Ligand code: NAD
């Protein structure tokens, strides 16, 4: 299928690698214009724009946890493509794993800042920009995790950040809907997807726990984000979309 996202402008944080790049690939295929952000991977950003084409893609360096960087991303998006229709809050980090009593406050805070607070900052910036467009419509997609539905025993900060994202999604969706603002907010909960975030030493054990017998590909998440970004999902709001090869079944 093509053109499911024709004329839509999407910001995809962490869109230059892993799941974010998979989402961007599906979005460009469906006719969207994409703004890809990352904090450090500038080479990945330039490579993605070279692959997709400057007419449909833009890279902006951004630390999602910094509020000032969000205005920079919105301004660059509106300057190049004229509007913001979709925000995919995808950027995230795994952080330090281990026993909770050994976790430092700094390590806890870093994960919460990048995986949860950044999603609040992104929602805030995007809602202002979406309300400024002529039709005042939009779709926000928060990439949580299966770890936002059930606790990962070795990753307390990560699970807390992803669980927080899940309920931030619900609360924002209700808040907007009750004020008759046509911006939908949903969360996506990937299971294990083959990217750099997967701990190398645990791959065999991870795969053994996935009912379909293999990890997912970044585009598996991209496809559900196409649906949520498009008008096909116009009645989907405040909902959770799990894509995990049966892990939670
Ligand atoms: P990844 O490490 O391959 O990519 C993460 C991306 O986020 C990178 O592009 C990186 O540059 C960017 N990023 C990290 N910190 C940032 C910051 N402060 N500001 C801006 N960009 C930043 O990981 P991934 O697997 O593609 O993860 C993408 C999202 O999916 C994350 O939110 C992750 O928690 C979630 N997730 C991944 C899996 C999995 O198995 N891969 C499972 C569930 C959820």
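We did not get these values from a lab; they are worked out from the coordinates using the rules stated. On a predicted model such as this, the values are computed, not experimentally measured, just so you know. Virtual Cβ from ideal backbone geometry, glycine too; neighbours counted across all protein chains shown.
Give the peptides 19-27, 63-71 in descending order of average Cβ contacts within 10 Å, highest first.
Per-residue Cβ counts within 10 Å, averaged per peptide and sorted highest first, yield 19-27, 63-71.
Between residue 97 and residue 150, with labels modelled 7 Å along Cα→Cβ, what's the label distance in nm to one decimal, could you check?
Distance between label points: 1.6 nm.
Could you order the peptides 241-249, 10-18 from most to least packed, using the average number of other C-beta atoms within 10 Å per residue?
Output ranking for 241-249, 10-18: 10-18, 241-249.
Could you give the distance between the Cα centres of segment 156-212 and segment 56-93, to the whole Å?
When both Cα centres are located, 20 Å separates them.
Between 0 and 90 degrees, rounded to the nearest ten: what's the tilt of helix 218-229 against the longest Cα principal axis of the chain?
40
Can you tell me the FRET efficiency between residue 197 and residue 236 if r is taken as the Cβ-Cβ distance and R0 is 22 Å, rounded to the nearest 0.05?
0.25
Please work out how much length the chain gains when fully extended from residue 47 to residue 104, using 0.36 nm per residue of separation minus the C-alpha to C-alpha distance, in nm with one decimal.
Full extension from residue 47 to residue 104 adds 16.9 nm.
Counting only helical runs of four or more DSSP H residues, what would the 222 nm mean residue ellipticity of the chain come to if each run contributes -39,500 (n - 2.57) and the total is spread over all its residues?
Value at 222 nm, helices only: -13000 deg cm²/dmol.
Okay, which of segment 40-80 sit inside 13 Å, backbone N to the point 7 Å along the Cα-Cβ direction of residue 132?
Within reach of a label on residue 132, which here means backbone N under 13 Å from a point 7 Å along Cα→Cβ, segment 40-80 contributes 70-80.
Show me the ranking of peptides 189-195, 101-107, 132-138 by mean Cβ neighbours inside 10 Å, starting with the highest.
Averaged packing, sorted descending, gives the order 189-195, 132-138, 101-107.
To the nearest 0.05, how large is the calculated FRET efficiency for residue 7 and residue 217 if R₀ is 25 Å and r is the Cβ-Cβ distance?
After rounding to 0.05, the efficiency reads 0.40.
Give me the number: length gained by fully extending residue 124 to residue 56, i.e. 0.36 nm times residue separation minus the C-alpha to C-alpha distance, one decimal in nm.
Answer, rounded to one decimal: 22.0 nm.
Rounding to the nearest 10 and keeping the result within 0 to 90°, find how far the Cα-based axis of helix 42-52 lies from the longest principal axis of the chain.
50
Compute the normalised compactness of the chain: alpha-carbon radius of gyration over 2.2 N^0.38 Å, N being the residue count.
Dividing the Cα Rg of the chain by 2.2 N^0.38 Å gives 0.95.
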